[in-house]
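Contents: one structure, followed by commentary.
The values are calculated or read from the model by the stated rules, or taken from the named source; none is laboratory data. Since this is a predicted model, take the numbers as computed values, not measurements. Glycine also receives a Cβ, built like all others from the backbone with ideal geometry; neighbour counts cover every protein chain displayed. Side chains included, ligands, DNA and RNA excluded: accessible areas come from the protein's heavy atoms. Shrake-Rupley method; radii C 1.70, N 1.55, O 1.52, S 1.80 Å.
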Amino acid sequence: MIRMFVVCEGQTEETFVRDVIAPILANQQVYLIPRLIPTSKGHKGGGLNYQRVKRFIINCLKEDSNAVVTTFFDLYALDSEFPCFQESQRIMDVQERAKKLENEFKLDLFKDNELFADRFIPHIQPYEFEGLLFSDVEKIIELETDWKRYLSALQLVRSEFPSPEHINNSYETKPSARLKSILKQPTYGKVRHGSLAIKSIGIDKLCEQCQHFSEWYTKLNQFGILAY
């Protein structure tokens, strides 16, 4: 059994890891443990200040010398103090931009301890967790009776981008904002609807539609092979 801490952006990502990915990987002897970073008294998640993130991850790596640590952070609104953040903004392809940030993130942690190298897998999801939901918009509208009328609006958004991971980098057009703008009665709720939609869509569809997510998920699966 491989223990793997998944340091999550917020409650939505924590729920996704706990309810969707963890049960699948448990069958492959990979035990996922989602964690949120304490950001203030009595509050965890969000507000991912880079130095706070780095300190938390190093502590996780030191806490259990056999555990692997990975992350599930959104690229949208990532703290500009992440290593080479400004340089990464010149990379037009969003998936390549995320890879650049992940590589620099990992190198920065190596400076403290090279032994961390094999046990840290940074993942930064372009642009948001909610982008994954656009992998199959017909599954989203099944969550609420009154959402069927919004199918064409969701299909239009999806058709405007080469993949769900390319939707989109501004306050008004990020995936979660688009879902809240389109889906009413009830309005889309991140924690309530996010993981339900992903469960319905299924991991195979996510990997088919979202290249960067698929590459991360494949890396996690490879630890399952090592466990046997």
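Ratio of alpha-carbon Rg to the 2.2 N^0.38 Å globular estimate for the stretch 1-128, to two decimals, please.
1.03
Length gain on complete extension for the stretch ARG3 to GLU114, per 0.36 nm per residue less the alpha carbon to alpha carbon distance?
Between ARG3 and GLU114, full extension yields 38.0 nm more.
In whole percent, how big is the carbon plus sulfur part of the accessible area of the stretch 68-140, probe 1.4 Å, protein atoms only?
In the stretch 68-140, the share of accessible area belonging to carbon and sulfur is 45 percent.
Residue farthest toward the positive end of the dipole of the chain, with Cβ of Lys/Arg at +1 and Asp/Glu at -1: which of THR71, SER163, GLY224?
Going by the Cα projections, it comes out as THR71.
Apply 1/(1 + (r/R0)^6) to the Cβ-Cβ distance of THR218 and SER65, taking R0 = 30 Å, and write down the FRET efficiency to the nearest 0.05.
Efficiency at R0 = 30 Å is approximately 0.75.
Test of understanding: express the Cα radius of gyration of the stretch 182-228 as a ratio to 2.2 N^0.38 Å, with N the residue count.
Expressed relative to 2.2 N^0.38 Å, the Cα Rg reads 1.54.
What list of whole percents do you get for P(r) of the chain, with Cα-Cα distances grouped in 10 Å bins up to the one holding the largest distance?
In whole percents, the pair-distance histogram is 8, 33, 37, 19, 4, 0.
Full extension from ILE24 to GLU160: what is 0.36 nm times the residue separation minus their Cα-Cα distance, to one decimal in nm?
Contour length minus the Cα-Cα distance gives 45.8 nm.
At 0.36 nm per residue, minus the direct Cα-Cα distance, what do ARG192 and LEU107 gain on full extension? Give it in nm, one decimal, please.
Difference between extended and current length: 27.0 nm.
Using Cα pairs closer than 8 Å and at least 6 residues apart in sequence, work out the relative contact order for the chain, in percent.
It comes to 23 percent, rounded to a whole number.
Which of LEU132, LEU25, LEU179 moves most in a GNM of the chain, Cα contacts under 10 Å?
Greatest mean-square fluctuation among the candidates belongs to LEU25.
Using the Cβ atoms and a cut-off under 12 Å, what net charge is assigned to the surroundings of ARG18, where Lys and Arg are +1 and Asp and Glu are -1?
Neighbour charge sum, excluding ARG18 itself: -1.
Please compute the Kirkwood hydrodynamic radius of the stretch 105-228 from all pairs of different C-alpha atoms, in Å with one decimal.
Value: 16.0 Å, from the Cα pair sum.
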